[in-house]
Each structure stands twice: as structure tokens, then as C-alpha cells.
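Asker: The structure under discussion is supplied below as C-alpha cells; questions concerning it will follow.
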Amino acid sequence: MQSLELEAWEPFDLDATLGCGQVFRWENTGGTWTGIVGDRLIRVRQAGRCLFFEGADEAFIRHYFAIDHDLAGILESIDRDPVIHQAIEGCRGLRIIRQPPWECLASYIIATFTNIPSIKRRIGLLCREFGEVNFDEGVPYYSFPGPDRIAGSEECRLRSCSLGYRAPYICRVSNAVRLDRGWADEIRELPFNYARKRLMEFPGVGRKVADCVLLFGFERLEAVPVDVWIERIFREYYLDPGTKVGYERIRQYAQEYFGPYAGYAQEYLFWARESLAKKGRAGPK
DNA sequence: TGCCAGGGCCAAG
DNA sequence: CTTGGCCATGGC
């Protein structure tokens with residue numbers, strides 16, 4: 001196992017970062033996280049400012065976990081009220097990490113209208129069915145399948161991954177992306193709203209999935225995915241009761257209110273969603 | 001067992 | 001541009 005030492009100005013919380021629901025291929029067993037990124041299996045463990053890791057070099061770890069984000073500065077910029085402040089104190093050190101674009105796109109299509117344990121299970125099945133097999137000390141593990149490994153396959157094989165009605169989306173997106181190798185580079189170069197529209201041309205990609213892909217796959221930290229939890233939180237704490245609350249209204253409010261790192265605010269609120277929602281339901285207005 | 005979940009699509013209004 | 005029904009599946 002290698003190790004690296006984080007500096008005092010590099011706050012990082014491995015458990016919050018990998019456990020907050022932004023990635024789906026990491027598991028925590030006894031304090032050590034095991035995940036598959038690309039075709040490698042990585043293990044990471046945190047002890048204070050020290051990170052122990054194997055399966056990748058230090059540069060990869062620092063880049064993947066976005067240790068270069070000025071998180072202290074980002075949190076200071078979004079810490080604008082007691083609600084977000086509580087969320088920040090609950091998981092300070094949570095970082096929005098750099099996911100591979102294709103895996104991110106496919107994963108968040110699979111993530112629609114279901115729950116996080118189910119998402120992880122389905123993605124695991126998809127990888128076992130279509131991914132390339134590698135071995136870690138004799139134990140097989142599977143990479144996230146590239147679009148060409150899925151494209152052209154029978155829809156029923158995707159159905160076997162419990163994808164339900166999302167199966168045709170994954171099939172069609174795989175075909176579309178396979179024929180458009182530069183799609184990610186194209187999106188990377190586009191201004192935010194154009195990149196968003198471009199993503200929404202993919203079948204199975206609406207506003208919410210597009211915002212997730214922009215935030216988690218393209219490092220557009222101003223993106224604010226609005227799922228039912230975020231909508232609930234903004235309804236309860238941020239927007240005047242009785243006003244119309246559509247997706248765009250909430251998203252634009254969040255972006256204006258929290259600024260260029262609104263995506264970080266969204267993720268901290270999402271992490272605190274249960275306590276915030278519970279408090280909202282039980283307590284008086 | 002019924003309700004809910006990191007929604008998108010499509011047809012109507 | 002907004003609304004409502006529908007979609008497969010499994011966790012709780």
C-alpha cells in the first residue's frame with residue numbers, strides 16, 4: 001500500500017465522498033473502500049490526513065478525488081445560511097470527484113426513478129454481463145463496459161440486468177455514442193447551456209440526468225441536479241411557500257443564490273437530505 | 001403489502 | 001410552457 005499526506009488546506013472526507021451517492025461502484029468494507037475505475041481496481045483507506053491506497057499512483061488518486069479543488073474556499077463561498085451550514089458541518093470534506101464521462105452518462109440514465117442500492121446492484125449486473133474481466137489476486141472484477149461492448153446486443157440481455165424500461169435507453173445511447181467518438185470532447189468545449197442541451201439529445205437524458213453528468217462527469221460545478229429530495233429541501237427552506245416550483249425555477253434559484261459552486265451546495269444538501277427532510281416534516285413551520 | 005425512489009417521454013391542455 | 005399518466009424494478 002502506498003500513502004499520501006494531505007495538507008491542512010486540503011480537507012477531505014473519503015467516507016462522505018464515496019458514500020454520498022455520486023458514484024456507484026465503490027464499497028466500504030471495514031473502513032477500506034474498494035472501487036473499480038476504468039479497468040483498475042483501487043483500494044483506499046483514510047486515517048486523518050493520511051490516505052492509504054493501492055491500484056493507482058498518487059497523481060491518479062489526487063486527480064480522481066479532485067484534491068486540487070479549493071474545497072475550503074468553495075465551502076466558504078456557499079456557506080450562506082443555517083441550512084447549508086448544517087449540511088457542510090455534517091460532511092465537511094466531501095468532494096465532487098472526476099468520473100469518466102461515459103460511465104457517468106450511462107450510470108445516471110440507469111439511476112432514474114429508483115434508489116441508490118438498486119442503482120448499484122443494476123450497474124454491477126451490467127458490468128458483470130458486458131464489462132471486461134480482470135483479476136485481483138485471482139478474484140474476478142469487471143470494468144464498466146464501453147459503448148461498443150453494449151451496442152448491438154439484444155435488448156433482452158440488458159433486461160437481464162434489471163434495467164427495466166431503461167434498457168432501450170442504454171442500448172440506444174450506446175449506439176449513438178459509438179458512432180460519435182468525440183461526443184465528450186464536444187461537450188467539454190461547449191458553454192454550459194449548450195452542453196446541457198446536447199446531452200439532452202440522448203435518449204433517456206432529461207434535465208436531471210444532464211445536470212448530473214455535467215456536475216459529476218464534466219466538472220461543471222455550477223450544475224444543480226434537482227431530484228425529489230433537492231426539490232423537497234428547496235420547497236421547505238428556500239422558496240416562498242405557495243410559489244410555483246418547477247425544475248428550472250429551483251435550479252436557477254440555486255445557481256443564483258449559491259453561485260459558481262452551486263453544484264457543491266446541492267451535493268452537501270443531498271448528503272443531509274434525510275435529516276433536513278425529517279426536520280421539515282416533524283417540526284413546525 | 002403498499003409506497004417510494006438521484007425521471008424521462010409523450011400526449012393534452 | 002406546464003401537466004398528468006405511464007413506464008419496470010426492488011428496497012424499505
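The values are calculated or read from the model by the stated rules, or taken from the named source; none is laboratory data. Just so you know, these numbers come straight off a predicted model, no measurement behind them. Because the Cβ atoms are built from the backbone with ideal geometry, glycine has one as well, and the counts that use them run over all protein chains shown.
Asker: In region A:79-98, is there at least one residue being under 22 Å from the mean Cα position of the chain (by Cα), surrounded by 14 or more Cβ atoms within 10 Å (Cβ to Cβ), without any contact (Cβ under 8 Å) to a residue 40 or more places away in the chain and more than 16 Å from DNA strand B (Cβ to nearest atom)?
Answerer: yes
Asker: How about region A:219-265: which of its residues are assigned to a loop (DSSP other than H, G, I, E, B) and more than 17 Å from residue A:95 (Cα to Cα)?
Answerer: The first filter runs over region A:219-265 and keeps only residues assigned to a loop (DSSP other than H, G, I, E, B), leaving A:219-227, A:238-246.
Within region A:219-265, A:226, A:227, A:238, A:239, A:240, A:241, A:242, A:243, A:244, A:245, A:246 qualify.
Asker: Quick one: would you say residue A:254 is modelled with pLDDT of 95 or more, crowded, with 20+ Cβ neighbours inside 10 Å and more than 17 Å from residue A:107 (Cα to Cα)?
Answerer: Values: modelled with pLDDT of 95 or more: yes; crowded, with 20+ Cβ neighbours inside 10 Å: yes; more than 17 Å from residue A:107 (Cα to Cα): yes.
So residue A:254 fits the description; yes.
Asker: When both residues are 6+ apart or on different chains and their Cβ atoms are under 7 Å apart, which pairs have a first residue that lies in region A:138-166 and is farther than 28 Å from residue A:43 by Cβ, and a second that is within 10 Å of DNA strand C (Cβ to nearest atom)?
Answerer: Here the result reads A:155/A:167; A:155/A:168; A:158/A:167; A:159/A:167; A:163/A:122; A:166/A:112, each pair linking region A:138-166 to a residue that is within 10 Å of DNA strand C (Cβ to nearest atom).
Asker: Hey, another quick one. So, in region A:178-218, of the ones that are loosely packed, with under 13 Cβ neighbours inside 10 Å and in a loop (DSSP other than H, G, I, E, B), which residue ends up farthest from DNA strand C (Cβ to nearest atom)?
Answerer: Per the criteria, the residue is A:181.
Asker: Residues A:75, A:51: which one is part of a helix (DSSP H, G or I) and touching a residue at least 40 places away in the same chain (Cβ under 8 Å)? Reasoning before the result, please.
Answerer: Values: A:51 fails: part of a helix (DSSP H, G or I).
Answer to the check: A:75.
Asker: Oh, and also: Of the residues that make up region A:176-185, is at least one at pLDDT 95 or above, of a type in the set (Asp, Glu) and under 27 Å from residue A:42 (Cα atoms)?
Answerer: Within region A:176-185, one or more residues are at pLDDT 95 or above, of a type in the set (Asp, Glu) and under 27 Å from residue A:42 (Cα atoms).
Asker: Out of curiosity, is residue A:132 outside the structural domain of residue A:180 (by TED's automatic domain parsing) and among the acidic types (Asp, Glu)?
Answerer: Working: outside the structural domain of residue A:180 (by TED's automatic domain parsing): no; among the acidic types (Asp, Glu): yes.
So residue A:132 fails the test.
Asker: Just to be sure, is residue A:228 within 15 Å of DNA strand B (Cβ to nearest atom), under 30 Å from residue A:168 (Cβ atoms) and surrounded by 23 or more Cβ atoms within 10 Å (Cβ to Cβ)? Write out each step before concluding.
Answerer: Numbers: within 15 Å of DNA strand B (Cβ to nearest atom): yes; under 30 Å from residue A:168 (Cβ atoms): yes; surrounded by 23 or more Cβ atoms within 10 Å (Cβ to Cβ): no.
No.
Asker: Test residue A:118 against the criterion of being within 16 Å of DNA strand B (Cβ to nearest atom), of a type in the set (Ser, Thr, Tyr) and crowded, with 17+ Cβ neighbours inside 10 Å, and give yes or no.
Answerer: no
Asker: On the given criteria, is residue A:64 among the hydroxyl-bearing types (Ser, Thr, Tyr), surrounded by 13 or more Cβ atoms within 10 Å (Cβ to Cβ) and touching a residue at least 60 places away in the same chain (Cβ under 8 Å)?
Answerer: Values: among the hydroxyl-bearing types (Ser, Thr, Tyr): yes; surrounded by 13 or more Cβ atoms within 10 Å (Cβ to Cβ): yes; touching a residue at least 60 places away in the same chain (Cβ under 8 Å): no.
No; evaluated as a whole, the condition is false for this residue.
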